[in-house]
Amino acid sequence: QRCVVLRFLKSPPNQNKTSEEILHHLQNIVDFGKHVMKQFFGENYVHHGEIIQLPLDFVRQLCLKIQPERPESRCDKDMDTLSGYAMCLPNLTRLQTYRFVEHRPILCIEIKPKCGFIPFSSHVSQEIKHKVCRYCMHQHLKVANGKWKRPSKYCPLDLFSGNKQRMHFALKSLLQEAQNNLKIFKNGELVYGCKDDQDCVSDWNELARHLKPFFFPSNGLVSGPHCTRTIVKELIHVITMTLLSSTDACRAGDMKTVPISQGRSYCEASAFNKELVRNGKHKLESSGLPRGCLLYKTLQAQMLDTLDIEGLYPLYSRVEQYLEEFPEERSTLQIDGPYNEAFYEKLLDLSTEDDGTVAFALTKVQQYRIAMTAKDCSIMIALSPCLQDECSEQRPVVLTSKSRFTFSVSVLDLDLKPYESIPHQHKLDGKIVNYYLKNVQAKDDPVMSSLFKENEDCTLVLHKV
């Protein structure tokens, strides 16, 4: 009746936590959203939810009911059915931050934008990391490992550029190869997005069928490829406009902003960039993002990773060494919470002068964890058609050629990344870069590529199996 989402903790089998531990964990998630992420993203964008207690019988029945719906890759963890605690959150695929008639059809686009900048840290050991973004490099390793069948043409730097042409290209690439990064819901039901790790055949005609009533309500458009293209174009335009909009008066807390100009604003592996180079243009326009929009705030939080994992790892080791000597200090250092105002205050220290202390190392480690959280968050854009006379001043509106929408933009998946995952991140970073240098860059090398140039489309590449 209230159209809410219940969120339960999951854990590996035989790792049962006590009810107190589960309550504490959930409380940490709520506090982190409330006291930390709201400061970065602003009041309107973050929904931290509340903890509720449910009858155990209800929880067990629910667990049995949803088990067959869970993807196989997620079934290595069990849902907590013993504590009865859950988080209660608004259903952002249907409910919007503005109260209006629920019977209206609602379209929701979920985007996981990933990391929108190239490392500018002097600690980076491989030059390629200053030229090609992490997402584009990682794609090749994922395809080699069999996670995806094809690399996506999406590059986060194009989406975060603020340049409409580049943003359109990025969104079109996401629609072509959604992977884990894009889903579309209609009235709360998933109608478009990847259900399987391996293959993601994007059926634009099917998508256009779902979207036609939203974008062309009078049905004046004939069906067919032209109709599909027009609808996809309208969808991309609407997503771009909502992502560039600012629906929150709150500036991102007391955050001193990290100058975005520190890094380069394009990625050499981006398909958009390669297209420009092929046409003899070498200058990529970057319009910059409006300060109030959610993409800008997301990028600011991501750029708290000022040292890159290579510069951060030695600092993590310094903290680890200290904790080995003084394990009782772990709670004083607030590594596992509580995530309160004091925790947030410490994040505001952006000094880069390493004085050799544990305090400096810990601040950088915590900033890195926030940055990693922002690199993995999802943006939800909910759209609902409205008539001209209904669209009051209070609600943001976006127009298309035949219709108009009220919309709300929210951010979710804001759980703080675990302190313990830093060694894994360090190892993975090395893997991604080494694979890219060995297997991809060799082909892009000027001397090598001239050999491939002749028949670019039919180069046979052999992999060891």
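The values are calculated or read from the model by the stated rules, or taken from the named source; none is laboratory data. Computed from a prediction, not measured in an experiment: that's the story for all the values here. For neighbour counting, all protein chains shown are included, and Cβ atoms are generated from backbone atoms with ideal geometry for every residue, glycine included. For the accessible areas, the whole protein counts, side chains as well, though only heavy atoms, and no ligand, DNA or RNA atoms are used. Shrake-Rupley method; radii C 1.70, N 1.55, O 1.52, S 1.80 Å.
When SER122, SER161 are checked against the criterion of being part of a loop (DSSP other than H, G, I, E, B), buried (at least 23 other Cβ atoms within 10 Å of the Cβ) and in the same structural domain as GLY193 (by the TED database), a single residue qualifies: SER161.
Within the stretch 12-24, does at least one residue satisfy the condition of being of a type in the set (Val, Ile, Thr), under 26 Å from SER331 (Cβ atoms) and out of contact with any Leu (no Cβ under 8 Å at 6 or more places or on another chain)? Yes: one or more hits.
Filtering the stretch 125-158 down to residues that are among the basic types (Lys, Arg) and part of a helix (DSSP H, G or I), which residue is nearest to the chain's Cα centre (by Cα)? Filtering first and then ranking leaves ARG134.
Of all residues in the stretch 11-26, those that are free of Cβ contacts under 8 Å to residues at least 60 places away in the same chain and under 21 Å from ASP413 (Cβ atoms) have Cβ atoms under 9 Å from Cβ atoms of residues that are among the hydrophobic types (A, V, I, L, M, F, W, C) and surrounded by 10 or more Cβ atoms within 10 Å (Cβ to Cβ), 6 or more apart or on another chain, in HIS25/LEU9.
Scanning the stretch 39-63 for residues that are aromatic (Phe, Trp, Tyr) and open to solvent by 30 Å² or more (accessible area, probe 1.4 Å) turns up just one, PHE58. Residues that are touching a Pro at 6+ places or on another chain (Cβ under 9 Å) and either part of a helix (DSSP H, G or I) or modelled with pLDDT of 90 or more (or both) occur in the stretch 81-99; there is at least one.
Here ASP305, ASP354 are screened, and the one residue that is under 17 Å from CYS115 (Cα atoms) and not in a strand (DSSP E or B) is ASP305.
For the stretch 131-139, the condition holds for no residue, the condition being that it is open to solvent by 50 Å² or more (accessible area, probe 1.4 Å) and under 17 Å from THR240 (Cβ atoms).
Does LEU437 qualify as being surrounded by 12 or more Cβ atoms within 10 Å (Cβ to Cβ) and either assigned to a helix (DSSP H, G or I) or at pLDDT 55 or above (or both)? Considered against the rule, which asks whether it is surrounded by 12 or more Cβ atoms within 10 Å (Cβ to Cβ) and either assigned to a helix (DSSP H, G or I) or at pLDDT 55 or above (or both), LEU437 comes out as yes. Only one of (1) of a type in the set (Lys, Arg); (2) closer than 22 Å to GLU310 by Cα; (3) part of a strand (DSSP E or B) fails for LYS114. Which number is that? The number of the failed condition is (3). For the stretch 164-183, the tally of residues that are within 25 Å of GLN300 (Cα to Cα), over 16 Å from the mean Cα position of the chain (by Cα) and open to solvent by 30 Å² or more (accessible area, probe 1.4 Å) stands at 5. GLY337 meets the conditions (1) farther than 19 Å from PRO119 by Cα; (2) open to solvent by less than 40 Å² (accessible area, probe 1.4 Å); (3) outside any loop (DSSP other than H, G, I, E, B); (4) at pLDDT below 90 in every case but one. The failed one is (3).
Go through LEU312, LEU235, LEU294 for me and flag whichever is modelled with pLDDT of 80 or more, among the hydrophobic types (A, V, I, L, M, F, W, C) and more than 26 Å from LYS172 (Cβ to Cβ). Result of the check over LEU312, LEU235, LEU294: LEU312. Scanning the stretch 64-80 for residues that are modelled with pLDDT under 85 and either among the hydrophobic types (A, V, I, L, M, F, W, C) or open to solvent by less than 60 Å² (accessible area, probe 1.4 Å) (or both) yields a count of 2. A Cβ distance below 6 Å, combined with a sequence gap of six or more or placement on separate chains, defines the contacts here; from the stretch 184-195, residues that are closer than 15 Å to ILE111 by Cβ and outside the structural domain of ARG70 (by the TED database) reach residues that are in a loop (DSSP other than H, G, I, E, B) and of a type in the set (A, V, I, L, M, F, W, C) in the pairs GLY193/ALA178; CYS194/ALA178; CYS194/CYS200. Among the candidates MET372, MET303, MET380, the residue that is at pLDDT 90 or above and in contact with a Cys (Cβ under 7 Å, 6 or more places away or on another chain) is uniquely MET380.
So that you can scan it fast, the table gives a plain yes or no per residue for (1) out of contact with any Leu (no Cβ under 9 Å at 6 or more places or on another chain); (2) over 22 Å from HIS426 (Cβ atoms); (3) not assigned by the TED database to the domain that holds ILE422:
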| residue | (1), (2), (3) |
| --- | --- |
| LEU333 | no, no, no |
| GLY337 | no, yes, no |
| ASN340 | yes, yes, no |
| ASP349 | yes, yes, no |
| GLU353 | yes, yes, no |
| THR357 | yes, no, no |
| LYS375 | yes, no, no |
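Of everything in the stretch 389-415 that is open to solvent by 30 Å² or more (accessible area, probe 1.4 Å) and either under 30 Å from ALA361 (Cα atoms) or among the small types (Gly, Ala, Ser) (or both), the residue that is modelled with the lowest pLDDT is SER392.
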